[in-house]
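What follows is one structure encoded as structure tokens, with my remarks underneath.
We did not get these values from a lab; they are worked out from the coordinates using the rules stated. Nothing here was measured: the structure is a model prediction, and the numbers come from that model. Cβ atoms come from the backbone with ideal geometry, glycine included; neighbour counts cover every protein chain shown.
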Ligand code: FES
């Protein structure tokens, strides 16, 4: 199994709790979510009809789609409320030298 390849995204102190940061890592659109439970990285494209999740709302650990209101858990990407039925892809996050780094999972949905 290959070692995950982490990419530096932004300084931790530039992303306040309750805020999101959209970015592209390789070909993948990713949203970084900072919550009171930590920092999480998920695919930025809703699995229902491809709305941009970073234009929705972050409420605690719940990420709400701006288009039809599906709700995902940022900790594992699972659907908490439809109409989406498929989880959002999640990616490994670590904090190094005060910066958020993300390793994109280049699985089958990449
Ligand atoms: S596009 Fe996200 S719920 Fe429809």
Members of segment 2-30 found to be on the phi > 0 side of the Ramachandran plot and out of contact with any strand residue (DSSP E or B) (no Cβ under 7 Å at 6 or more places or on another chain), listed by number: 26
Residue satisfying all of: in segment 52-73; in contact with a strand residue (DSSP E or B) (Cβ under 7 Å, 6 or more places away or on another chain) and more than 18 Å from residue 86 (Cα to Cα); surrounded by the fewest Cβ atoms within 10 Å (Cβ to Cβ) among these: 60
Residue selected from segment 32-51 under the condition more than 11 Å from the chain's Cα centre (by Cα) and near the ligand (Cβ under 9 Å from one of its atoms), by the criterion surrounded by the most Cβ atoms within 10 Å (Cβ to Cβ): 47
Number of the exception - residue 100 against (1) surrounded by fewer than 20 Cβ atoms within 10 Å (Cβ to Cβ); (2) in a strand (DSSP E or B); (3) away from the ligand (no atom under 16 Å from the Cβ): (1)
Subset of segment 64-87 [more than 10 Å from the ligand (Cβ to nearest atom) and either within 11 Å of residue 42 (Cα to Cα) or free of Cβ contacts under 8 Å to residues at least 12 places away in the same chain (or both)]: 73, 74, 75, 76, 77, 78, 87
